[in-house]
Amino acid sequence: MARVGVFLCHCGENIGRTVDCAAVTAAAAKMPGVVHAVDYKYMCSDPGQQMIKQAIVEKKLTGVVVGACSPRMHEPTFRRAAAEAGLNPFLLEMSNLREHCSWVHEDRAKATEKAVDLVRVMVEKVKHNRKLHSIRVPIEPTAMVVGGGIAGIQAALDIANGGKKVILVEKSPSIGGHMARLSETFPTLDCSQCILTPRMVEVASHPNITLMAYSEVESVEGFVGNFDVTVRKKARYVDWSKCTGCGDCWAKCPVKKIPSEFDAGLGKRTAIYRPFPQAVPNKPVIDQEHCIMLTKGKCGACAKACQRGAINYKDQDELVKIKVGAVVLATGFDLWDHSAYGEYGGGRWADVIDGFQFERLASASGPTDGEIRRPSDGRIPQTVVFIQCCGSRDDKMGKAYCSKICCMYTAKHAMLYKHKVHEGRAVIFYMDIRAGGKGYEEFVRRAIEADGAEYVRGRVSRIYRRADGKLIVKGADTLAGRPMTVEADLVVLADAIVPRTGSERLAQMFGVGYDTDGFYSEAHPKLRPVETSAAGVFLAGACQAPKDIPDAVSQASAAASKVLGLFSKPELEREPIIARVNENTCVHCRACIAACPYGAIEDFEIKDRKGNVVKRVARVNEGLCQGCGTCVAICRSNSIDLDGFTDEQVFSEIVTLE
Amino acid sequence: MEMIDALRADAAKVLADGRAKVVIGYQARGDHRAPLFVTTADRAASLVYDDACKQNLAVYLRKPEVKLLGKAAVVASPAAMRSLVLLMSESQLTGDDALVLAVGVGEYHGVLELAQVAPLLKEKYAALAPSPELLREIEKLAAKTPEERAAFWAKQFAKCTRCYACRAACPGCYCTRCIVEKNVPQWISTAAAGHGNYAWNVIRAFHLAGRCTGCGACEAACPQGIPLMLLNVLLGQEVEKEFETKAGYDPEAKPVIGSWNPEDEEDFIK
């Protein structure tokens, strides 16, 4: 026989104001199976919880209904209390008398009537509840970090220093990401390479980190604690175990005119190359698109030059399956392609460049050895125009959002230019200066006041190239209220930050949400900023939103701490609200398998003792199932039931309302 | 050679050389056509095929008692062939489970492997359409008000005796335990009246939305003359409009109601 206890909460006045709690309690006491009914001002408080615990013991309750707020708020609280009194926590249900009743109704009599119904429904349900037990899933205490920029490096180092193994997957031949390409960093003008490269070396030499450079995630199976990730190790054509990185090969490579990705197309590289001298790992790969040996079958210069015999033209991509317990996505950003802006030359003019190209021009290791020389003729520009918000804050042609870092790096660019070309003019067109950050506003003031950058508030309407090579920049100074024309030698566009190409495919593989711009979605914008909707997958850096280095590093450390938290226990405990297939009636039509948004339903073969397949059915993977119920709705023969929300429970709720 | 002679010859041949253990075809019983299970080549001469063959023989392929006979070769019209493709897409039939004696419109396509069925359908019968009379009936029904339509169907469903002949005739209704027979809890009343009748007929139609291949066997089987094909074709048209797909042409097809992709429009969320 069911012995149900009903506990009504006034929620201060939140429920009590609109619902006559005493009347609901009296009605509940008369419901079949109810042996105990009380109301109290704050059921979630310590005395309230004590009332529940005491009644469970004294009245030998087999089920509890708490009529209070939303179960999202306090179901864990009350279930914990029930468990402490020795009752299986899943024998406790909540009626939401606040959000579903008192907050949305005014008529006290009708609201009270509805509250009685809401309680009765749950009393009927709880009579059909079964004891459920948390599901324990073992955790593989190895993390995978996808992306080897500063965010990925930081996350990997933090996890590794926490004592757990890390696989760092980077798609290009070297880690370092965009930060390795920067000349100096705001607001301190630290040399980017000087602060980054020691970290890169630390990654390579850390005993807990396995670096998989020139590799990409191919596919993902599994779930939190137990992901099976297949990584494609791209063919390098160089046996890195033999290679010493001496450089004889690229010195001999006859293909020397390939635009260097690292130098943003301003420098050149060979077909066998390492992206930059400080690369980690400091070993070359062969670019199969440009290598003559790989495309035409003759050359072999590098193989001849290599004294270690490390060159292997028959190298193939290799697929490696790796088991990891958690994943940090740190895939970073790209610059928006400003060729969409026809009025800025549409990408036709060599001297209209983007921020990365300017970084390479200003960098001591760049193609001009740190002298600012414009790409078209190598002359030192006397007037440079910087245009902020190129593609940002423009929902018609570009992106609606603010790219956040451009105000600061443009101020830095102007500063670096003025430090190198003292008599030059740096003119900056801006919409607003957004310098929120420690030392940021001071930095911008310094660019204006100490270094004489000319800030013009206004948009540039058009840039055209005069026959003598000058770029005529036509804009408006909206503070002075007059049109403005600048004859520039070089124009630097602060292009919008966009997610890496291919980041959407990666998100789909991991089951991570992304917004309309392709940035990965965090689980909660304020309270869960590094988690995603996919359990065990965390975010770091600009893949989530435009970020500067300090923010990316902070988020990476936060993601690492989440990973370490997850790995601090050998097993994962999760709510047992999962679907179950009735294998007697399942006909294996596979509709549920297609419908499951979590890939949690698998084909299963029932075999007899001799190993013959007797029947094929669908089976739910307990670790993956999120209890959403989609399969329950899709199953034509009604062969799937959801623990905690079984057909019988739902049916009894509906029937009691008739 | 007459079509029926070719069919009989093929049936005898697949049985004689052991490619199939049983041929599932039709026999004449006066004006009526009944299924015939031929297990020896010498009985193949009893097979008939004409317009009076209404039953969809694909329905027998999943019956345990038929499976016991061994591999079957089934006589199938284009609509029945679509049923075979549907069963393949729902993992109910695999590559060498059966052979097909493929009877087309006005011609006979010989013995096919299951894998050859979908290509034949796409090449020759991609534009298989319901009869003009049926389409006219649908238009007439669409012109009515929702209340009139509800009244129309209430009247039709009231005739239902819950004999489930429609279900038994349908190759798509292969569940071993139909939802209507689930009694813990009993979602659908089994009494042959009122709500139960309405629920049963609507759920049957919904379970076939995007899956009905238009063979008409259910309506032919209904002793009460309920126009089931009206409902089936109507839902088929909706599915074709919304999902741009027709059941029974692609053995790799994902179930329409259960599949999704990130590019799906969400215009139903206001």
Nitroxide proxy distance, nm - points 7 Å out along Cα→Cβ at A:Val613 and B:Asp17: 2.8 nm
R0 of 22 Å, Cβ-Cβ distance A:Ile654-B:Ile269: FRET efficiency to nearest 0.05: 0.30
Relative contact order (percent, whole number), region A:579-642, Cα cutoff 8 Å, 6+ residue spacing: 45 percent
At q = 0.14, 0.20, 0.21 Å⁻¹, base-10 log of I(q)/I(0) for region A:8-65 (Debye sum, equal scatterers on each alpha carbon): -0.38, -0.76, -0.83
Order of A:Ile292, A:Ile159 - criterion: other Cβ atoms within 10 Å of each residue's Cβ, fewest first: A:Ile292, A:Ile159
Using alpha-carbon coordinates, inclination of helix A:192-205 to the longest axis of chain A, degrees: 60 degrees
Relative counts (whole %) of C-alpha pair distances in region A:4-127, using bins that are 5 Å wide: 2, 13, 26, 27, 20, 9, 3, 0
Dimensions in Å of region B:74-165 - Rg and Dmax from alpha carbons: 18.2, 50
Aspartates and glutamates whose Cα lies under 17 Å from that of A:Lys242, excluding same-chain neighbours fewer than 8 positions away: A:Asp315
Those GluC sites (Glu not before Pro) in region A:1-84 that DSSP places in a loop and that have at most 16 other beta carbons within 10 Å: A:Glu13
Paramagnetic label zone (point 7 Å from Cα along Cα-to-C-beta, A:Arg379; backbone N under 20 Å) in region A:315-358: A:345, A:348-354, A:358
Lysines with Cα under 18 Å of B:Lys122, excluding same-chain neighbours fewer than 8 positions away: B:Lys246, B:Lys254
Choice from B:Ala150, B:Ala41, B:Ala205 showing the highest fluctuation, given a GNM over chain B with Cα pairs closer than 10 Å: B:Ala150
Additional length obtainable on full extension of the chain from B:Lys67 to B:Asp250, 0.36 nm per residue less Cα span: 63.4 nm
Chain B: angle of helix B:194-207 to the longest principal axis, Cα-based, in degrees nearest 10: 60 degrees
Low-density loop cleavage sites - trypsin sites (Lys or Arg not before Pro) in region A:15-76, where at most 15 other Cβ are within 10 Å (DSSP): A:Arg17, A:Lys30, A:Lys41, A:Lys59, A:Lys60
Residues of region A:434-459 with amide N under 12 Å of a point placed 7 Å along Cα→Cβ from A:Leu479: A:445, A:448-449, A:453-458
Region B:3-124: relative contact order as a whole-number percent, Cα under 8 Å and 6+ apart: 24 percent
Lysines whose Cα lies under 22 Å from that of A:Lys526, excluding same-chain neighbours fewer than 8 positions away: A:Lys404, A:Lys438, A:Lys547, A:Lys562
For region A:119-236, share of DSSP beta bridges that run antiparallel, in % to the nearest 5: 55 percent
Cα-based convex hull volume of region A:579-642 per residue, rounded to whole Å³: 77 Å³
Calculated P(r) tail over 25 Å for region B:132-243, as whole % of Cα pairs: 19 percent
Dmax and Rg, reported as Rg then Dmax, of chain A (C-alpha, Å): 31.8, 97
FRET efficiency, A:Ala251 to A:Leu189 (Cβ-Cβ, R0 41 Å, nearest 0.05): 0.75
Taking A:Phe223, B:Phe268 and counting other C-beta atoms within 10 Å, the order from fewest to most: B:Phe268, A:Phe223
Taking B:Glu240, A:Glu442 and counting other C-beta atoms within 10 Å, the order from fewest to most: A:Glu442, B:Glu240
Angle in degrees between helix A:71-84 and the longest Cα principal axis of chain A, rounded to the nearest 10: 60 degrees
Full-stretch length increase - A:Asp117, A:Asn312 - with 0.36 nm per residue and alpha-carbon distance subtracted: 62.6 nm
Chain B, helix-only ellipticity at 222 nm - DSSP H runs n ≥ 4, -39,500 (n - 2.57), divided by all residues, nearest 500: -11500 deg cm²/dmol
The protein assembly as shown - share of DSSP beta bridges that are antiparallel (%, nearest 5): 55 percent
For a label point 7 Å along the Cα-to-beta-carbon line of A:Glu454, residues of region A:473-494 with backbone N under 11 Å: A:484-488
Relative contact order, percent, chain A [alpha-carbon distance under 8 Å, six or more residues apart]: 13 percent
Modelled FRET efficiency - R0 30 Å, A:Gln278 with A:Glu504, Cβ distances, 0.05 increments: 0.45
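Each value in this text was obtained by applying a stated rule to the coordinates, not by laboratory testing. Source: prediction; values computed, not measured. Glycine gets a Cβ as well: all are built from the backbone with ideal geometry, and neighbour counts include every protein chain shown.
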